[in-house]
Amino acid sequence: MTRLGPRSAAMVACLIALAACGGSGGTATDPGVTSNSILLGVTIAQSGPAAAYGTIANAANAYFTYVNSQGGVNGRKITYKILDDGYNPAQTVPLTKQLVEADQVFAMFGGLGTQSQTAVRDYLNAKKVPQLFVATGATTFMQDFSQHPYTIGWQPPYQGEARIYAKDVLANHPNAKIGVLYQNDDYGLDYLKGLTDGLGANASMIVDKESYDVTAAVPTLAAQLTTLKAKGADTLFIFATPAFTIGSLAIVTAIHWAPLEYVNSVSDPAAYMQIAASKGAKIDGAISVGYIKDPTDPQWANDAGMQLYQKVIASCSTCKPSDGFNIYGVAVAYTMVDVLKQAGSNLTRANVMSIAGSNLNETNPFLLPGVTVTTTATDHYPITQEEVIKWSANAWHLQPPLIDEQVS
Amino acid sequence: MVSRLRRAPARYWLVGAVALVLLGLPSAVTSFESSEWTLVLIFAIAIMGLNVLVGYSGQISLGHGAFMALGAYTTAILVSRYHVNYLLTIPIAGVIGGAVGFLLGIPALRLSALYLALATFALAVVTPSLIKRPVELTGGVQGILMLPPDPPQFVKDAFATVTNGPQMTSEQWLYYVTLVTGAVLFWVAWNMLRHRPGRAMRAIRDGEVPAAASGINVAGYKTLAFGMSAFYAGVAGSLYGLSTGYVSPDTFPVALSFQLLVGAVVGGLASIVGPLVGGAFVYWLPIVSSQTISSQDWIPSQISSVFVKAGPAVTYGALLILIMIFAPNGIVGLATAAYKALRSRLRGANEQGTVQMPPDPHTVG
Amino acid sequence: MQEFLQLVVSGIASGGIFASLALALVLIYNAMGLVNFAQGEMAMFATFIAYTLIEHGMSYWIALPLTLAIAFVGGVAIQRLVIKPVERAPVLTLVIITLGLATLFNGLAGFLFGYIPRSFPSPFSVQTVSIFGAFASYQDLGVIGVSAVVLLLIYLLLQRTTIGLSMRAAAHNPDASRLLGVRVSWMLALGWGLASLVGALSGIMVAPVLLLEPNMMQTIIIYAFAAAVLGGIESPLGAVVGGLIVGVTVNLAGAYLVGGDLQLAVAFLIIVVVLIVKPNGLFGRPSVRRV
């Protein structure tokens, strides 16, 4: 047998050592990740005035439960720690710090509330913890990606949605006298900006805009709506949250006003529109946009995506399947799982953020056919496609085509 | 000297021990936990002020969150727009809060306890909508972001030599700023309450007409109490904004004002230590009820899941009612009563003791 | 002019809602000199009970009286369990307890029923009727009508019956009343039961308009306070008149003066101005404080 010279032995030894080092380098991980689990965290309102949105996190968790039952993501089960911040940014901050520093989550996912998520955005970016798919359409979370590369939104930006409405009005009702009722917070103001920007030189079509505070009692909205009617508006935009939208639609009919109505996407689930109709609102002809399937829409009854949703949501005991917020939660969780799958064994925060922010190209079974979740190096708006929908015969009807509205 | 130490009431030893623990805290816990205790101390400062108003001068306020908002926004606006040194803004916030409180205290004189509670409750509810109005000034619904302040170099060095650990963080620095501020304000309140103003206020609390009959300037002391409590709330608000790094209308909901009053009452009105206990109670209760309970394995999951799902509100409400019925003098009152009972049992037959004056009735109204 | 009229008519409609809850506040005040901060939450909770009964197939016209009865018993129970132990406690303790009750009921409702807004049936139709060219719905008028009937019944009870007299006496001067043989404690319980019943009725009447959800009464209670304070917190008539005035003022101020987003601030202003200028309100009698 030939004896290995000392040099060759050294070479072999080096090669073995190299192989040993190289082996562990292929499974790089960050805090919150073990060989069989991934820990995600979120702060969301589950009590207090915005508690209705809290179900989003529970629905997302239901999807994670489903994925875990199928073996998890690359063999890792997802744990989702949900903390209640009561929609108060001053509570969001310590709870987020707790999740990051004490619980050592891998990433924050699905945080709710523009003010709340703004409060922790700088902190998370400084610590390089991904702030993924925040549950708000406030345009800043997608628009300001270059300043905050660890933050990304998911749903279509409110400004983009309002621009679609502006295009619709200009195309189909160029002589409209527009009145706007908007909620006096970041949500309502974002929509208003989108509408005004979208109308551009025609912004003077807006004859009056009236705001209300979230503390308003619904019946007192009659004051704002009466003023809008008196100023001669024949087209009404309602940028309000569900309870106020329903109330406004009923009041409009009660004061014998029949403008063309534009309802925003947060308030447009068919269940709410039907409540408004039962209160006497005449809403035939109302316009909105959709990007996600409505669980109460019979046209999706045999749709594979909808059936998957019904199966998934059953594991959440407090979630009502007909609630539009729940399918939203499941849909965004789908994207989250997709990102984790794509990251594979390179489960680092940097890699996950790079995929979510710039390398996403997903077809989501819970979104309308044709809508994709896409991000590129220059496009950090995951969803920008929406379709105009019109209300008639007690249901929304899609008005193709899909419109892709970019907000620069 | 030594004999004086020995004769000092047990209370003083307790205070000393607590002070030592608080001083050394950041070296023993993580930076994040220091930031949690900063929030406890901030609540304690605001509650201390409220204590002067409610426990000593007998006026109820359900609206002190509004004064915290005033202080927080003062700091935020001065720091972000006018680039004033953030430490300087803390006393400024207090002064502005105090001035507004004093002015509001004047019409408040005409309101009975119940009506004052009602009016201040309404104030707390409308505070967020009032903040949103002057958009140019307050940033409206966007709020104002502030960078976490860096500790000055000499403090960093001192900290490093003492703890021999990682560099001092902004959170630990803010903890000490809050601790020192709190200690100073605590000392001021304690002194004031030990001397004439405190006695005058207690006399007013126990009966306005007899107090006036004995020559006390009722109106003056009541408005002073209002102004002082608003000053404390303003300072607390300023620190609140600095440690959170963000102020916005939703940061000051009516729940905050409610928490302050609850903290004052649960801690123990007309007690000096009460505010600290109250602050801890107010900060930790939601966390305990939604997180700690569910993570304890010895509690059956049915019971703990009820706690979590029901949320802090149910626990809060139920606990509050129970405390009001069974321990109306708050936790400190409970502890004091227990201590006294224990002591009298231990002293027992030997010492009849001096004739005890009946304890200060903590009446308000 | 048309706009002005509509604002007034709509203001009267929303004022009816404020008045209905204010009546419950007035009842509690008449029973024990206390403002119940939990009145709105108790009303909301009772409405959820009605909702649950109707969801399980019960007819509205059976669920309604049943819920009122449950609310009455509930109110009495709360007085016995929670208020009685602290009867002689200072105002602050009682205020905190009612705030604790408010938090408890709100949290409980959220826990049991969830936060999605729900539709609640109304016995009145949504058809509108024209009043000098302005419009109000039968539902709105129904709320005002029911409040007026309740007002009448309360007035009759308090002013024209022995029990009512006993209740008022027990509230004004418990010690003297005891000496006269009034069962003070049970009078208080009765007051709470009745207030809870009136609150439940208010909740059931207004839920169709507001949409039923746990936070339904959170701001209505402030408007109800303003109504009760303006009208005179002892006076049921004051509650109704105050409610209507608050409703109209808030609408007009919102439209012409301060803008729609400060409507609640207007209510706050009403509370403060009335308490400072004329604390007994429009219909209250000035009370004499004995030294």
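Tabulated values for the structure
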quantity: Tail fraction, Cα-Cα pairs, the protein assembly as shown, threshold 39 Å, whole percent; calculated: 49 percent
quantity: Rounded to the nearest 20 debye, dipole of region C:132-257 from Cβ charges on Lys, Arg, Asp, Glu; calculated: 380 debye
quantity: Kirkwood Rh (inverse of mean 1/r, distinct Cα pairs), region C:33-166, angstrom; calculated: 17.6 Å
quantity: Cα-centre dipole for region B:32-254 with unit charges at Cβ (Lys and Arg positive, Asp and Glu negative), debye to 20; calculated: 760 debye
quantity: Karplus-derived HN-Hα couplings along region A:204-210 (A = 6.51, B = -1.76, C = 1.60, θ = phi - 60°), whole Hz, x at Gly and Pro; calculated: 6, 5, 6, 8, 6, 10, 10
quantity: Dmax and Rg, reported as Rg then Dmax, of chain B (C-alpha, Å); calculated: 21.5, 72
quantity: Projected label distance in nm at A:Asp234 and C:Ala69, using a 7 Å step from Cα toward the beta-carbon; calculated: 5.7 nm
quantity: Given charges at Cβ of Lys, Arg, Asp, Glu: the protein assembly as shown dipole, positive-most of C:Ile144, B:Ile216, A:Gly113; calculated: B:Ile216
quantity: Most mobile of B:Val277, B:Val314, B:Val266 in a GNM of chain B (Cα contacts under 10 Å); calculated: B:Val314
quantity: Tilt relative to chain A, helix A:304-313 - C-alpha long axis, 0 to 90 degrees, to 10; calculated: 80 degrees
quantity: Centroid-to-centroid separation of region A:238-287 and region B:32-57 [C-alpha atoms, Å]; calculated: 46 Å
quantity: Descending principal axes extents, chain A, alpha-carbon based, whole Å; calculated: 103, 43, 41
quantity: Given charges at Cβ of Lys, Arg, Asp, Glu: region C:2-277 dipole, positive-most of C:Ser166, C:Ser202, C:Gly191; calculated: C:Ser166
quantity: ³J(HN,Hα) computed for each position of region B:129-144 - Karplus, 6.51 cos²θ - 1.76 cosθ + 1.60, integer Hz, glycine/proline x; calculated: 5, 6, 5, 5, 4, x, 4, 4, 7, 9, x, x, 6, 6, x, 10
quantity: Order by protection proxy (mean Cβ within 10 Å, highest first), peptides C:18-29, C:134-145, A:111-122, B:113-124; calculated: C:18-29, A:111-122, B:113-124, C:134-145
quantity: Rounded D (µm²/s) - region A:327-405, Kirkwood Rh over Cα pairs, Stokes-Einstein at 37 °C, 0.692 mPa s; calculated: 235 µm²/s
quantity: Burial ordering of A:Leu308, C:Leu152, A:Leu368, fewest other beta-carbon atoms within 10 Å first; calculated: C:Leu152, A:Leu308, A:Leu368
quantity: Cβ neighbours within 10 Å from other chains - mean over B:111-117; calculated: 6
quantity: Cross-link table A:Lys193/A:Lys229; A:Lys77/A:Lys97; A:Lys97/A:Lys320, entries beyond 25 Å C-alpha to C-alpha; calculated: A:Lys97/A:Lys320
quantity: Estimated Rh, region B:117-157: Kirkwood, alpha-carbon pairs, angstrom; calculated: 13.2 Å
quantity: Helix A:114-126 axis, angle to chain A major axis (alpha carbon atoms, nearest 10°); calculated: 20 degrees
quantity: Where the Cα pairs of region A:126-189 fall when distances are cut into 5 Å bins, in %; calculated: 4, 15, 19, 19, 15, 12, 7, 5, 2, 1, 0
quantity: Separation between Cα centres of region B:223-298 and region C:208-227, rounded to whole Å; calculated: 27 Å
quantity: Descending principal axes extents, region C:2-277, alpha-carbon based, whole Å; calculated: 60, 50, 34
quantity: Sequence-distant residues sharing a close amide H with A:Ala107 (under 5 Å, placed H); calculated: A:Gly41
quantity: GNM top mover of B:Ala211, B:Ala230, B:Ala46 - chain B, alpha-carbon springs below 10 Å; calculated: B:Ala211
quantity: Student exercise, the protein assembly as shown dipole from Lys, Arg, Asp, Glu Cβ charges, in Debye to nearest 20; calculated: 3720 debye
quantity: Shielding by partners - mean other protein chain Cβ count within 10 Å, residues of C:2-12; calculated: 4
quantity: Within 10 Å of each Cβ in B:285-292, the average number of Cβ atoms from other chains; calculated: 3
quantity: Placed amide H near A:Val73: partners under 5 Å, 5+ positions off or other chain; calculated: A:Ile78
quantity: Ellipsoid equivalent to region B:125-184 - semi-axes via the Cα gyration tensor, in Å; calculated: 36, 14, 8
quantity: Hz values of 3J(HN,Hα) by residue in region C:68-81 - Karplus curve (6.51, -1.76, 1.60), Gly and Pro given as x; calculated: 4, 5, 4, 5, 4, 4, x, x, 4, 4, 4, 5, 5, 7
quantity: Ratio of Rg to Rh over region B:187-277 (Cα coordinates, Kirkwood Rh, two decimals); calculated: 1.05
quantity: Interchain or long-range residues, amide H under 5 Å from A:Ile403's placed H; calculated: A:Glu386, A:Glu387, A:Val388
quantity: Listed residues B:Gln59, C:Leu211, A:Val407: farthest to the positive end of the dipole of the protein assembly as shown (Cβ charges); calculated: B:Gln59
quantity: Candidates A:Pro149, A:Pro242, A:Pro298: whichever shows maximal mean-square fluctuation once chain A is modelled as a Gaussian network with Cα springs under 10 Å; calculated: A:Pro298
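Values in this text are rule-based calculations from the coordinates and carry no lab data. Please read these numbers as outputs of a predicted model, since none were measured by experiment. In this analysis, Cβ positions are derived from the backbone assuming ideal geometry, glycine residues included, and neighbour counts consider all displayed protein chains.
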